[in-house]
Structure formats: structure tokens, C-alpha cells
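Working notes, structure below.
The values are calculated or read from the model by the stated rules, or taken from the named source; none is laboratory data. Keep in mind the model is a prediction, meaning the values are calculated, not measured. Positions of Cβ are generated from backbone atoms using ideal geometry, with glycine treated the same way; all protein chains shown enter the neighbour counts. Heads up: the accessible areas ignore ligands, DNA and RNA and are worked out on the full protein's heavy atoms, side chains in. Shrake-Rupley method; radii C 1.70, N 1.55, O 1.52, S 1.80 Å.
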Amino acid sequence: MLLEVFLALGAVIIYFLFSKKKEETLPFKEGWWGKGQKPDAEEDTTIWPFKVETTEEDLSDLFRRLDQARFTEPLESSCFHYGTNSVYLRKVVSYWKNQFNWKKQVEVLNKYPQFKTKIQGIDIHFVHVKPPRLPEGRSAKPLLMVHGWPGSFYEFYKIIPLLTDPASHGLSDEHVFEVICPSIPGYGFSEAPHKKDFNSVSAASVFYELMLRLGFNEFYAQGGDWGWLICTNLAQMAPNHMKGLHLNLATVTNMGFTHLLSILLGRYFPGLFGFQEEDVRRMFPFWKKGIYRILLESGYAHIQATKPDTVGCGLNDSPVGLAAYILEKFSTWTDLEFHNLEDGGLERKFNLDDLLTNIMIYWVSGCIVSSMRFYKENLQKGIGNQKHERLTVQVPTGIASFPNELLHVPQAWAQKKYTNIVSFHFMPRGGHFAALEEPELLAEDILQFVGKVEKEQLWRKKGE
């Protein structure tokens, strides 16, 4: 206890030495990410339809590579502790070759309208789904949904109908959405940046332009993983345009004095730091559930934040290697306990068609290297050094805290960054890929959050 007190005093000194004054807004980042020099002519703002297509040559090449795969025998009883278990991986590859129907999945991908438009020199791909019907006197609310790594726009395919047509799925139709799901540049079918330094602020600027181009002067945004940061940056950049921000991941990168003190003493005095019982259960002991867990599961991030092209070359050349790399994340990030299972628990929460469809989006687009570069662009300057990390978010915010997320962030921490949290819920189950794993839970939380924001805004207007 005495050691913890001295550490707390040290944290006080560090806090007052290095804390900086917060600013209010994040500047829009005007960039040119296309090849070569930016042309003098104004950018073409045309929006054109897009469909996922692959050729027989593409599939023949894939099957040839799958047939020639070399597998390494796993250690006995290693399950997923060393990464994707090759015994299970063989089963996945067998299913991929003999049962998985990519052409059928392409039809699934194309069931929602998709488009492309050029923004800041690169082609941006997005899904745009309007409600099939609207209650009389109601209008659809625009909702931007942003994925992360190693996910894709496909993560949202199960939640889209719940948001665009909630009444048909047993949900309240008080709020109905028009959903826009873009692919982050360098992911899926969005063109990869051709210049260095395309980070989350760049992506937020591109998506801000996209929403304005679609005619949405006001909109909601939702995200997890990189989508959390991109949507957060967008809220900092255009607070008068974003009506509300909903997150299923909220990470704090600028640790202040109260954060450090709560790590040391929060287990013993939770009420003093605004912790609830569930916060304590999820966070402590912090060395095990915080620091050790992050060290254990962040090796990939160190590689991708330093030398993404090196490992990316192998993944872009081998579909089996790509599958092993991505599947391990869908196992571990869904439930850490799944590393004790030989199959990584993957089919307990997902089906192979969905998992392989996501992998195929990376394979047919050849985007794994450019997707991994996003880590380097965001982390190469260090953590806590970028302007957006010092800014607060004043937009109404809702947070759905899923129990199997790698690192739990309590509301007491989050509200230092997100100063207007109107909804914070401990979700009963689920992990990192919430939209794909628990679409109903996530949809319900989004609906109730928007309901609160709309009511608050109505009351404010009546009081003016």
C-alpha cells in the first residue's frame, strides 16, 4: 500500500509537468492521396455504382495456391496459444476449397447498393442502404458506420437490416436509419493511398467529405476498432454536423493523473474513482487484465506499426497465411478463453462462410499490406503526441461496453475524453467484432442512444 502511495505521488508530478491545455476542434485535413502530382483541374465528384466481381482466373489462382499450401504441425496440446492451430486451419482450407461458394457470397455482398466516388485523389468505396419503408411522417436518420482491422464493410451486413427496417425485426421503429458503410482507404474496395501519412484524421476528413457529398449536413456515426478513432476524429472535426457518436470501443490514449491513480487504488476504493462493480470485475487485477493482456496480444500491432510491408508480402502471396493471420484475431478478440480450444472457438460465434467472406475481401482486393500500413501511419509518431489525442469530444456520445473486449475502459475514464456521454451500457455478452457477433445487441443500443439524443435536442429546442 505504501508503494502505491509513492507511485501515486509520482504520477501527480508527471501529470503537472506534462499535461497540456486542451483545444476545442480538430482541423480538417486537406490531402492528395492519388498517384503523382495533384492535377490543377477540380476533382470529379461523380458517384457511380459498384459491384463486387471476380474472374475465373482469380478463382483458379486461389485454388492453385490453396492446393499448394504447406502446413506446419502444431505443438501437442497447444490449441490457439501459439496462434492459429494448423489442425483446425487444414479444416478451414478444406472447407474453402470444397464447400465455400464464393460466387454465392458475391451475390450476398451485392445485395446492398454499393458505390464509389473519388475524394482527395483516391476512389472511395461505400455501401449505402436506405430504408425499405418509413413510418408516416418520419424521415430516415443518416448513420455512418466505420469498420476496423482485420474487418471490412461486410461486418455490418447483419446489423444493416435491423437499423434500416427495425420494425420487421421486432425492434422499435421510432428511429429508422439510412446506413452508409465506407471501406477505409486501403481496405477492401477503397483505393489505397499512394502517399505516406494517411492516418485516422485523413480518413475522417475523407468520410466527412463523403457525407457532405451525399447531401447529409447532419448525421450520426458509429464505430469500433479503427472506426472508433476515425469517428472520434470526425466528431472533433465537425461537431456541428455530427448529431451523435456511438462506439463499441473507446480507448484512452492520453492518461492523466486520475487515470493513473485509479489504476493503483481503484480496486480498493472504486467509489472514489467512479468505478462500478462491473468495472472492477473487468479491470482488476490490472497487471493481469490490463498491462499483461495488452503485451500478450499486441505483437501484431508492433509489426504493423513498424514494418508492415515485410510481413504483408507473405500474407498477400499466401491465402492460407492470410487466413491464419486474420482468423487468430477473430478468435482471440471474440473471447480470450478461446485460445484454450483447438478450433479457437471460431464457429461458436461465427460461421465459416462469414469468416471466409471477410478473408476473401482482403484476398481479391489485395489490400492486406495497405490495411496494415494504417497502423504505421497512426502510431509512428508515438502515443499521446498527436493533436486529436489532446482534444475532447463534446458531441453526445453513447458507448456499448462489451465484456470480451481486450481492454475495458470504464465510463469514469471515457468521460475525460468524451465529455457528453449520454449512454454507457455494460453489454451482457460479446467481444470486439460486435456488429458481426451480436448485431441485435448493438442495434438495440444504437437505437436507445439515438432516442436519448433526439429527446434531449427536442427539449433544448422547446426551451429556446
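Odds and ends about this structure:
- Number of the condition not met by GLU278 [criteria: (1) over 19 Å from PHE433 (Cβ atoms); (2) among the charged types (D, E, K, R); (3) surrounded by 16 or more Cβ atoms within 10 Å (Cβ to Cβ)]: (3)
- Conditions (1) closer than 21 Å to GLU43 by Cβ; (2) open to solvent by 30 Å² or more (accessible area, probe 1.4 Å): number failed by GLY186: (2)
- Selection within segment 172-191 - modelled with pLDDT of 95 or more and assigned to a loop (DSSP other than H, G, I, E, B): HIS175, VAL176, SER183, ILE184, PRO185, GLY186, TYR187, GLY188, PHE189, SER190, GLU191
- Given (1) closer than 30 Å to TRP33 by Cα; (2) surrounded by fewer than 22 Cβ atoms within 10 Å (Cβ to Cβ); (3) β-branched (Val, Ile, Thr), number of the condition ILE368 does not satisfy: (2)
- Among the candidates PHE330, PHE269, the residue that is open to solvent by less than 30 Å² (accessible area, probe 1.4 Å) and among the aromatic types (Phe, Trp, Tyr) is uniquely PHE330.
- Any helices (runs of 4 or more DSSP H) falling wholly within segment 356-464 and containing at least 1 residues that are touching a residue at least 12 places away in the same chain (Cβ under 8 Å) and farther than 30 Å from PRO319 by Cα: 387-390, 411-417, 439-463
- Of all residues making up segment 112-165, the number that are not in a loop (DSSP other than H, G, I, E, B) and not aromatic (Phe, Trp, Tyr): 24
- The number of residues in segment 287-327 that are open to solvent by 30 Å² or more (accessible area, probe 1.4 Å), assigned to a helix (DSSP H, G or I) and either within 24 Å of THR72 (Cβ to Cβ) or free of Cβ contacts under 8 Å to residues at least 24 places away in the same chain (or both) comes to 18.
- For segment 327-344, the tally of residues that are within 21 Å of the chain's Cα centre (by Cα) and small (Gly, Ala, Ser) stands at 1.
- Test for GLY121: is it open to solvent by less than 10 Å² (accessible area, probe 1.4 Å) and either closer than 30 Å to GLU337 by Cβ or under 25 Å from the mean Cα position of the chain (by Cα) (or both): yes
- The lone exception for ALA250 - which of (1) closer than 30 Å to PHE219 by Cβ; (2) modelled with pLDDT of 95 or more; (3) touching a strand residue (DSSP E or B) at 6+ places or on another chain (Cβ under 6 Å) it fails: (2)
- Residues in segment 423-454 that are under 19 Å from VAL146 (Cβ atoms), among the charged types (D, E, K, R) and in contact with a strand residue (DSSP E or B) (Cβ under 6 Å, 6 or more places away or on another chain): ASP445 alone.
- Selection status of HIS339, assigned to a helix (DSSP H, G or I) and touching a Cys at 6+ places or on another chain (Cβ under 8 Å): yes
Every residue, every condition in (1) among the aliphatic types (A, V, I, L, M); (2) open to solvent by 40 Å² or more (accessible area, probe 1.4 Å), yes or no:
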| position | (1), (2) |
| --- | --- |
| ILE361 | yes, no |
| PHE374 | no, no |
| GLU377 | no, no |
| HIS408 | no, no |
| GLN457 | no, yes |
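- Qualifying position, being modelled with pLDDT of 95 or more, open to solvent by less than 10 Å² (accessible area, probe 1.4 Å) and either of a type in the set (D, E, K, R) or in contact with a Lys or Arg (Cβ under 8 Å, 6 or more places away or on another chain) (or both), among VAL453, VAL422: VAL453
- Residue in segment 36-44 that is in a helix (DSSP H, G or I), on the phi < 0 side of the Ramachandran plot, open to solvent by less than 70 Å² (accessible area, probe 1.4 Å) and touching a residue at least 24 places away in the same chain (Cβ under 8 Å) present: no
- Subset of segment 247-267 (residues that are touching a residue at least 24 places away in the same chain (Cβ under 8 Å) and not hydrophobic (A, V, I, L, M, F, W, C)): ASN248, THR251, THR253, ASN254, GLY256, THR258, HIS259, SER262
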